[in-house]
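The structure under discussion appears below in the form of structure tokens.
The values are calculated or read from the model by the stated rules, or taken from the named source; none is laboratory data. Everything numeric in this text was worked out from a predicted model, so none of it was measured. Reconstructed Cβ throughout: ideal geometry from the backbone, glycine too, with neighbour counts over all protein chains shown. Protein only, heavy atoms only, side chains kept; ligands, DNA and RNA dropped before computing areas. Shrake-Rupley method; radii C 1.70, N 1.55, O 1.52, S 1.80 Å.
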Amino acid sequence: MSDLATAQKETLARTPLHALHVAEGARMVPFAGYAMPVQYKAGIIAEHLHTREKAGLFDVSHMGQAVLSGPDAARKLERLVPADIIGLASGRQRYTQFLNEAGGIIDDLMVTRLPGEDERLELIVNAANKEADFAHLRARLSDLKLDVLDDRALMALQGPKAAAVLAKLVPGVETVAFMSWRAFDWEGTELFISRSGYTGEDGYEISVPGAQAEEFAARLLANRDVMLIGLGARDSLRLEAGLCLHGHDIDTQTSPIEAGLAWSIQKRRRQEGGFPGAERLKRELADGLTRKRVGLELAGKAPAREGAELTAQDGRVIGRVTSGGFAPSLGRPIACGYVERDFAAPGSDLNVIVRGTPLAARVVQMPFVPHRYFRG
Amino acid sequence: MSGIRYTKDHEYVRLDGDVATIGITNHAQEQLGDIVFVELPAVGKSVEQGAEAAVVESVKAASEVYAPLSGEVVDVNKALEGEPAKVNADPLGDGWFLKLKVKDKSQFDALMNEAQYNDFVATLS
């Protein structure tokens, strides 16, 4: 058979939780220059379902953490992203994208306005793009200070039990609102905790100093509701939640409007512009799109993978799958991809070409599994 | 000589008379993880040694299963359509993929025996 993983010889960076992953029987794979756990002994399906039922602990230390600071930091960051950053209240977090001049997505990120008098913005960016993102920030916002927090680990605790589990170690986290951030003291260690994630569930992202990361993870794992979750289930969970993966569902060619991310561009920014690609986004919002990212439900059991062509009933190619796989919570395959606008309405019947054979697929609303964010 | 033979692509073949039962090895199912879909060939199809005979899909990815021998497909494991996880649970038993009526048994004898295959797998980690 083809494509079995083989031993990696290249040198990979390790996260502060590397030894824990190995001890827990993880299958380590190269990802964005890091050795990362794709799954543990339980397997992707069990890890996925555990996260939906209880609480999953993810090591996402490969992602970039940084603080951008200086006078007018919020206003200046707005030159690079389409979200309203000036209007972001202290301790609040927002999802946005670094755009290129053509309105394509260089990367997507989370921005938090840190509490305090100084203008300080915490940024969390994708692992694969972090060096490029930081270079972009330094080049374009050279009068601001960029501190990369590469001595800190990042973990996500996600699932309906996440709040109860984390509150046992860090009392008070249960009161943090969705898309909010707070610093906590855990036995003398400063944690940065936001109530957000990438699974569609309630949960947190927790920034921990690297030296304390393993101890903190072990304390979480001592709770029987917590299971370590690898990148495999992280991907299936985010796909069920309809969330985009940069480099796949969004890239330097796709705009946030095409990707269905218009919700992340607040009214003032739509009106005023002032970010790269503003003309394209304004045009797409006013005149409509030529293509749109949609969810796809497959009639059969065969998964459609990234790159599979989407065709109309007459056989004409009208789009392409950008993420696809088996949805453990649904027990069947799902996918998302871009289609021409005439085929983007929910209920549109298409075909997806899997190994040369057209299989029936239907456009559906995303998310595939309802979000269960904490709405306090 | 009867028994079980293995390929470097992690398929196994069990030969009974001139009928070969083919599946993927325990090592293969471990590496793939949870199997969610198996695509099997049509009964009556002729396959050549080394050609794609089936497809196995894990949560993450699709992999081709190659025919370890040439022959005609005489049976496929339809139970895998409803329960692909049988490949994880019992790859050498209930998780078989297909049966071939073989043309040339010398192809079987040339494959790795169990000891050779185990040595081969040991070199991969």
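See the values below:
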item: The protein assembly as shown, dipole about Cα centre (Lys/Arg Cβ +1, Asp/Glu Cβ -1), debye to the nearest 20; result: 1180 debye
item: The protein assembly as shown - percent of accessible surface contributed by carbon and sulfur, probe 1.4 Å; result: 49 percent
item: Set of lysines with alpha-carbon distance to A:LYS130 below 29 Å, sequence-local pairs under 8 removed; result: A:LYS9, A:LYS76, A:LYS145, A:LYS267, A:LYS282, A:LYS292, B:LYS60
item: Residues whose placed amide H lies under 5 Å from that of A:ARG320, excluding near-sequence neighbours; result: A:LEU310, A:TYR338
item: Accessible area per residue, Å², chain A with all protein chains present, probe 1.4 Å; result: 41 Å²
item: At least 30 Å² accessible surface lost relative to isolated chain, residues of the range A:305-335 (1.4 Å probe); result: A:ARG305, A:PHE326
item: Convex hull volume of the range A:290-364 per residue (C-alpha atoms, cubic angstrom); result: 74 Å³
item: Neighbour net charge for B:VAL102 - beta-carbon separation under 15 angstrom, K R +1, D E -1; result: -1
item: Those residues of the range B:6-45 for which accessible area with every protein chain present is at least 50 Å² below the isolated value (1.4 Å probe); result: B:GLN31, B:ASP34, B:VAL36, B:PHE37
item: Assigned charges on the beta-carbon of Lys, Arg, Asp, Glu; the range A:64-148 dipole about Cα centre (debye); result: 40 debye
item: Cα gyration tensor category, rounded, prolate or oblate, for chain B with a/c compared to 1.5; result: oblate
item: For B:SER58, residues with placed amide H under 5 Å, excluding near neighbours; result: B:VAL36, B:SER63
item: 1.4 Å probe accessible area per residue over the range B:20-125, in Å²; result: 43 Å²
item: Two-decimal ratio, the range A:64-148, of alpha-carbon radius of gyration to 2.2 N^0.38 Å; result: 0.97
item: Anchor B:LYS105: lysines whose Cα lies under 25 Å away (excluding residues fewer than 8 positions away in-chain); result: B:LYS8, B:LYS45
item: Dipole magnitude of chain B about its Cα centre (Cβ charges: Lys, Arg +1; Asp, Glu -1), debye to nearest 20; result: 200 debye
item: Heavy-atom accessible area, 1.4 Å probe, ligands and nucleic acids excluded: residues of the range B:52-66 down by at least 40 Å² from chain alone; result: B:GLU57, B:VAL59, B:LYS60
item: Set of aspartates and glutamates with alpha-carbon distance to B:LYS86 below 18 Å, sequence-local pairs under 8 removed; result: B:GLU11, B:GLU30, B:ASP34, B:GLU39, B:GLU57, B:GLU64, B:ASP75, B:ASP94
item: Tensor-based shape of the range A:241-319 (alpha-carbon gyration tensor, a/c under 1.5 rounded, otherwise prolate or oblate); result: prolate
item: Alpha-carbon spread of the range A:193-338, three principal axes, descending order, Å; result: 54, 46, 21
item: Heavy-atom accessible surface that A and B bury in contact, both chains counted, 1.4 Å, Å² to 100; result: 2000 Å²
item: Rounded if a/c under 1.5, otherwise prolate or oblate - chain A, Cα gyration tensor axes; result: oblate
item: In order through the range A:289-306: 3J(HN,Hα) via Karplus (6.51 cos²θ - 1.76 cosθ + 1.60), integer Hz, x for Gly, Pro; result: 10, 8, 8, 8, 7, 9, x, 10, 9, 9, 6, x, 9, 6, x, 9, 9, 3
